[in-house]
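Below is one structure, written out as structure tokens; the observations come after it.
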Amino acid sequence: MVDSKHQWKAWLYLAPALVLLLVFTVWPIINTVRLAFLEGYSGMKAAGGATFTFGLENFEKVITYKKFTLTLKNTLLLCVLTVPISTFLALLIAVALNSIKPLQKTLQTIFFLPYVTNSIAIGMVFAAMFNVVGSALGTPNENLTSVGIVNNILQIFTGKDHYVSWINSNSPEWANMFVMTVYIVWNALPFKILVLLGGLQAINKQYYDAAKIDSTPRWRVFTRITVPLLSPMLAYVIITGFIGGFKEYTSIVGVFGDKMGPPDAPGRLNTMVGFIYDSLAQNREGLASAAAIILFGIILVVTFINLWVSKKRVHY
Amino acid sequence: MHIELRNLTKIFPSRNKKSGEEVIAVNDFSFTIPDGQLIGLLGPSGCGKSTTLYMISGLQKPSGGQIFFGDEDVTEVAPEDRGIGLVFQNYALYPHLTVKQNILFPLQNLRGKDKMTKEAMIERAYQVAKLVQIDELMDRKPSELSGGQQQRVAIARALAKMPRVLLLDEPLSNLDARLRLQTREEIRRIQKETGITTVFVTHDQEEAMSISDMIVVMKLGVLQQIGKPQEVYNDPANLFVAKFLGTPPINIFKGTVRGGKLFIGESAVLDVPGVADQDVHVGIRPEGFVLDANGPLTCQLSNVEVMGRDVSIVCSSEASENPIIRAIIDADDRLAISGNTVAFSLKPHKVFLFGAQDEKRIRPSEVK
């Protein structure tokens, strides 16, 4: 405890951090809640002297918007697809990395690269990889010779003229989703691998020696020893994975641009965060705030479900 | 089944590549562990005793030499195929499994002709649990057990699959003093009941002496002496073994042999026929002193500690290599102590001579 005579000193030292937090974190949160309940709030109108009444209209509007239900569906779908896949892959890679001696550090660095790379830049590379060059903007008679590397590889197996339109005009929705899933999983791997590898290296090697002496088959070592002992870390990456998944936005901008969809179907892949940004761009701050609070509520509920499940599943 | 080690050697490559100095953890080790006995591998830390144990287990590969289980050469056999049970220093119990699941774990791995039914496994688990007296704790997690109980669970897990050899790495080092005494008796009892050839590693000579059928004393990777605890104590092969065994430790004096007589300081204390004239280290066990007013060895008295049955006389002498000399005599003889000096005569069979340079034992031609 700080001596009461010197308490003002403690406050003084804390002041820089506290002031910044109050101005840029605490007040915006409070203000978001306030705006969400001001019916039809708009910054422009407010500046013009308009007043707004308290009510739930913003929330009603948000949930009845078709656009919003689409973004909700997209967000949920991406979460459900990417979190399990990326967690499972990260676990396999972490275990593999942990079990090799040569090149471990090099490979670790390679796997960590996506983490330090700008996600818009990654998105552009992905867009190039999945592109169909020439067809999207070319004439009907143009001879298709150049496509993205993914189609190039596919053509080895399916023939020269065959290609899938992944992200261009006329692309099917499943193809768009596939590209986004690959992208998000790839982008999510490094952090998960890092956490799981750290967890693996903290496991006492003697458990494995003991298992070896008892001639435990590899798969059983993995499921009965590694996974349970890693379960706190697994719970952590799954929970943070879902939270990150619900906030998905930049990845889609990276691949599709701010149209949030292929050229002929803009907005098809929009997410909840995308909806919030769009509302802000239209000066509908009340709507955006309400959507943000709904998003917050969903993340809260999902996290509680995660914690509840992990309480049963996470050992010690 | 007996275990035979032949010229077993383990060399660890140097960590520092420039200096290129290898560490010889175990150097040309050969001895045979008889069937059904409890063997203590004993030595100070870094002497290679754990390395030896792990080579027997197969978790570490020897750099040279062979290991035989019975007549079978197991040097190249994988640890899981050697039929051993290993108890780790910190037990390595699976923290997420209950005691029962821990004991069942090795049984569930059995395949082929050894495969057991569920009922048989449970029965076996309770059987070994009873043996180590933890059958009441079967549904607890390891974190809910005391150190001694965890130790028993580890032994039960190692015994469950009926190993040919039981190996224990510092089995008592994580227990408090009282529990240590109790558990070492326990290990002795379990070993006797199962009759499994058992090897355990310890740095505590008292522990090794008290329960082993045989002790193997090691120093810096080299075998010093092997034998029954009392034999090794009564007949140490060199100065290291003499110093390492015994509580309180042996007293060491600088001495000289001249004309078949052993001199400590200026007084001849003992006849040592057949020993050439030379400087020697003289080791005298604390119980080797006899209070004798006319005795040849006089020391400056500093303290008398009464310990009930015995009396410990703490004194000092110019000729001693240690700052204090400790002699243990019968409490009844205490009355004879008076003044600032104390004089002793010596029991010849408690006095050992070692070469001044090589520290090897020098034996007089006849020991009285």
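Suppose each label sits 7 Å from its Cα in the direction of the beta carbon; what would the B:Arg309-B:Ser210 distance come out to in nanometres?
Placing both labels 7 Å along Cα→Cβ, they lie 1.3 nm apart.
What does the structure give for B:77-88 when I average, per residue, the other chain Cβ atoms found within 10 Å of the residue Cβ?
On the way: counts 0, 3, 5, 7, 1, 2, 2, 2, 2, 6, 1, 6.
Rounded to a whole number, the mean comes out at 3.
Compute the label zone of B:Glu359 within the range B:186-222: residues whose backbone N is under 15 Å from the point 7 Å along Cα-to-Cβ.
Taking a point 7 Å out along Cα→Cβ of B:Glu359, the residues of the range B:186-222 whose backbone N falls under 15 Å are B:217-222.
So how far apart, in nm, are the two label points at A:Leu12 and B:Met162 if each is 7 Å from Cα heading toward Cβ?
8.0
Going by amide H atoms built from the backbone, whose H comes under 5 Å of the H on B:Gly70, apart from near neighbours?
B:His2, B:Ile3, B:Glu4
Note the per residue figure in Å³ for the convex hull of the C-alpha positions in the range A:180-259. Don't skip to the end; give the middle numbers.
Values: hull volume 7.0 nm³, N = 80.
Normalising the Cα hull of the range A:180-259 by residue number yields 87 Å³.
Compute a Gaussian network model of chain A, connecting alpha carbons closer than 10 Å, and tell me which residue from A:Gly159, A:Gly286, A:Gly297 fluctuates the most.
It is A:Gly159.
Go ahead and collect, in residue order, the members of the range B:309-326 whose backbone nitrogen is under 17 Å from a label point 7 Å along the Cα-Cβ direction of B:Asp332.
B:309-312
Whole Å is fine, so just give me how far the alpha carbon centre of the range B:49-81 lies from that of the range B:209-233.
Rounded to whole Å, the Cα centres lie 20 Å apart.
Grab the other residues whose beta carbon is less than 13 angstrom from that of A:Ala290, score K and R as +1, D and E as -1, and report the net. List each step's numbers first, then the result.
On the way: positive: A:Arg34, A:Lys61, A:Arg284; negative: A:Glu39, A:Glu57, A:Glu60, A:Glu285.
Neighbourhood net charge equals -1.
Is the shape of the range A:155-195 best called rounded, prolate or oblate, per the rule: a/c under 1.5 gives rounded, else a/b larger than b/c gives prolate, else oblate, with a ≥ b ≥ c the square roots of the Cα gyration tensor eigenvalues?
Working: a/c = 4.89, a/b = 2.00, b/c = 2.45.
Oblate, since a/c reaches 1.5 and b/c is not below a/b.
If Lys and Arg each add +1 and Asp and Glu each add -1, what is the summed charge of the other residues whose beta carbon sits under 12 Å from the beta carbon of A:Ser165?
Numbers: positive: none; negative: A:Glu173, A:Asp264.
Residues close to A:Ser165 contribute a combined charge of -2.
Can you list the HN-Hα couplings for the range B:220-235, worked out from phi with the Karplus curve (6.51, -1.76, 1.60; θ = phi - 60°), rounded to whole Hz and with x for Gly and Pro?
6, x, 10, 5, 9, 6, 9, x, 5, x, 5, 5, 5, 5, 7, 9
By per-residue mean of other Cβ atoms within 10 Å, what is the highest-first order of B:303-311, A:69-77, A:93-101? Can you show the working numbers first?
Working: B:303-311: 11.6, A:69-77: 18.3, A:93-101: 14.8.
Descending mean neighbour count gives A:69-77, A:93-101, B:303-311.
In whole Hz, what ³J(HN,Hα) sequence does the range A:226-235 give by Karplus (6.51, -1.76, 1.60; θ = phi - 60°), x for Gly and Pro?
Using θ = phi - 60°, the values come out as 4, 4, x, 6, 9, 4, x, 5, 4, 4 Hz.
Long-range amide H contacts for B:Met218: which residues qualify at under 5 Å (H placed 1.01 Å from N, peptide plane, sequence gap of 5 or more or a different chain)?
Residues meeting the criterion, in which the H sits 1.01 Å from N, are B:Leu42, B:Gly43, B:Gln224.
Over chain A, what number does the Rg to Rh ratio reach, with both radii from the alpha-carbon atoms and Rh per Kirkwood?
Details: Rg = 24.7 Å, Rh = 23.2 Å.
Across chain A, the Cα-based Rg/Rh ratio is 1.06.
Can you give the alpha-carbon Rg of the range B:3-242 over 2.2 N^0.38 Å, where N counts its residues?
On the way: Rg = 18.3 Å, N = 240, 2.2 N^0.38 = 17.7 Å.
So the range B:3-242 has a normalised radius of gyration of 1.04.
For the pair A:Thr109 and B:Gln278, what calculated FRET efficiency results from E = 1/(1 + (r/R0)^6), where r is the Cβ-Cβ distance and R0 = 60 Å, to the nearest 0.05?
Numbers: r = 65 Å, r/R0 = 1.09.
Approximately 0.40, to the nearest 0.05.
Give, as a single signed number, the net charge of other residues whose beta carbon lies under 13 Å from the beta carbon of B:Met218, with Lys and Arg counted +1 and Asp and Glu -1.
Working: positive: B:Lys10, B:Lys49, B:Lys219; negative: B:Asp28.
Value of the local net charge: +2.
Check which residues have an amide H placed less than 5 Å from B:Arg140's amide H, if you skip close sequence neighbours.
Hits under the 5 Å cutoff: B:Val99, B:Lys100.
Please compute the length gained on full extension between B:Ser143 and B:Glu72, using 0.36 nm multiplied by the number of residues separating them and subtracting their Cα-Cα distance.
21.6 nm
Percentage of Cα-Cα pair distances in the range B:250-362 greater than 18 Å, rounded to whole percent? Spell out each step's value before the answer.
Values: 2873 of 6328 pairs.
Beyond 18 Å sits 45 percent of the P(r) for the range B:250-362.
Please find the FRET efficiency linking B:Ser63 to B:Lys113, where r is the Cβ-Cβ separation and R0 is fixed at 35 Å, and quote it to the nearest 0.05.
Working: r = 35 Å, r/R0 = 0.99.
Efficiency for this residue pair is about 0.50.
Just to be sure I understand the model, the point goes 7 Å from the Cα along the line to the Cβ. What's the resulting A:Lys247 to A:Ala202 distance in nm?
For the pair A:Lys247/A:Ala202, the computed spacing is 2.2 nm.
Can you compute 3J(HN,Hα) from phi for each residue in the range A:87-92, using the Karplus curve 6.51 cos²θ - 1.76 cosθ + 1.60 with θ = phi - 60°, rounded to whole Hz and x for Gly and Pro?
3J(HN,Hα) across the range A:87-92, in whole Hz: 5, 5, 4, 4, 4, 4.
Assuming 0.890 mPa s and 25 °C, estimate D for the protein assembly as shown with Stokes-Einstein, Rh taken as the Kirkwood radius over Cα pairs, in µm²/s. Before the final figure, lay out the partial values.
Values: Rh = 32.7 Å.
It diffuses with D of about 75 µm²/s by this estimate.
Here, each number is a calculation from the coordinates, and none is a lab measurement. Everything numeric in this text was worked out from a predicted model, so none of it was measured. Neighbour counts run over all protein chains shown; Cβ positions are idealised from the backbone, glycine included.
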